[in-house]
Amino acid sequence: MGPTPTIERSEVMIQDAQDFTAAPVVKIKLNHRVPLGFRETWSSAAELDAALRKS
């Protein structure tokens, strides 16, 4: 029997924008790997609502 394969997973951490030194607000463990260099997009609630109204 060969070696056990490594399972690659990622974790998302949400920080309070007003206190980056505090512990994360939440940690989300993903069952898959997010590629290095992945970029996020920040949108306000108003922008999300407007996008939903257009669709």
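The values are calculated or read from the model by the stated rules, or taken from the named source; none is laboratory data. Note that the coordinates shown come from a computational prediction; the quantities given were computed from them, not determined experimentally. Note: ideal-geometry Cβ built from the backbone for every residue, glycine included; neighbour counts use all protein chains shown. Side chains included, ligands, DNA and RNA excluded: accessible areas come from the protein's heavy atoms. Shrake-Rupley method; radii C 1.70, N 1.55, O 1.52, S 1.80 Å.
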With all protein chains present, the chain has a carbon and sulfur share of its accessible area (1.4 Å probe) in percent of 58
Evaluate E = 1/(1 + (r/R0)^6) for Val25 and Ser55, where r is the Cβ-Cβ distance and R0 equals 35 Å; express this FRET efficiency to the nearest 0.05.
0.75
Base-10 log of normalised Debye intensity for the chain (one unit scatterer per alpha-carbon) at q = 0.14, 0.15, 0.20, 0.24 Å⁻¹
-0.65, -0.72, -0.98, -1.05
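Just the number please: accessible area per residue for the chain, 1.4 Å probe, all protein chains included, in Å².
102
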Suppose we flag trypsin sites (Lys or Arg not before Pro) only when DSSP calls them loop and at most 12 other Cβ atoms lie within 10 Å. Which is the longest uninterrupted stretch of the chain?
10-32
Find, among the GluC sites (Glu not before Pro) in the stretch 3-47, those assigned to loop by DSSP (not H, G, I, E, B) with at most 12 other beta-carbon atoms within 10 angstrom.
Glu8, Glu40
Can you tell me the 0 to 90 degree angle between the C-alpha axis of helix 45-54 and the longest principal axis of the chain, rounded to 10?
80
